[in-house]
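Just below is one structure, and these are the notes that go with it.
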Amino acid sequence: MALFGNKEEKVAQEEAARAEAERLQSLTAAQFAEVLLPAFGPVGPKPGGYINQLQVASWLMSSFPGGKTKFLIELRDPINEGLQALENAGLVVARSRGGQASLLKATRLGEEALAEGDVSKHLNG
């Protein structure tokens with residue numbers, strides 16, 4: 001292995017991150033919301049606590065250390081749309097921080113939906 005890491009490995013990681021970002025961008029808001037809700041559960045960045053959009057985005061792409069930050073900007077709008085769908089369905093609640101970005105937390109309904117594995121039922125009516 002080279003002193004500064006394996007260039008081929010970095011390229012492969014970036015390509016995997018790009019493919020995941022493209023896959024995520026192809027999802028509907030409801031489908032994206034279903035992918036995002038686990039960020040508010042036990043596998044998320046702050047289980048049971050409030051998190052912001054950047055924490056959600058970082059969690060979403062955490063499996064792709066190579067190049068993930070490149071794609072967070074491209075995913076900003078789809079992530080916000082997915083979070084809005086979760087909020088509209090009553091699965092997360094937002095708390096404003098005085099003009100700054102909102103903090104979000106799963107509601108009891110959101111926690112139940114995660115535990116029961118029926119998130120899509122709540123998002124699709």
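Rule-based calculations on the coordinates, nothing more; no lab input. Everything quoted here is computed from the prediction, not taken from an experiment. For neighbour counting, all protein chains shown are included, and Cβ atoms are generated from backbone atoms with ideal geometry for every residue, glycine included.
Taken over region 1-30, the criterion of being among the polar types (S, T, N, Q) and in contact (Cβ under 8 Å) with a residue 40 or more places away in the chain is satisfied by 13, 25.
The number of residues in region 52-65 that are buried (at least 17 other Cβ atoms within 10 Å of the Cβ) and either within 16 Å of residue 90 (Cα to Cα) or more than 12 Å from the chain's Cα centre (by Cα) (or both) comes to 1. Could you tell me whether any residue of region 48-57 is farther than 22 Å from residue 116 by Cβ and in contact with a Gly (Cβ under 9 Å, 6 or more places away or on another chain)? Yes, region 48-57 has at least one match. Looking at region 87-109, can you tell me whether even one residue there is of a type outside the set (Ser, Thr, Tyr), touching a residue at least 40 places away in the same chain (Cβ under 8 Å), in contact with an Asp or Glu (Cβ under 8 Å, 6 or more places away or on another chain) and not in a helix (DSSP H, G or I)? Yes. From the list 46, 10, the one residue that fits, being out of contact with any Pro (no Cβ under 9 Å at 6 or more places or on another chain), surrounded by fewer than 17 Cβ atoms within 10 Å (Cβ to Cβ) and not in a helix (DSSP H, G or I), is 46.
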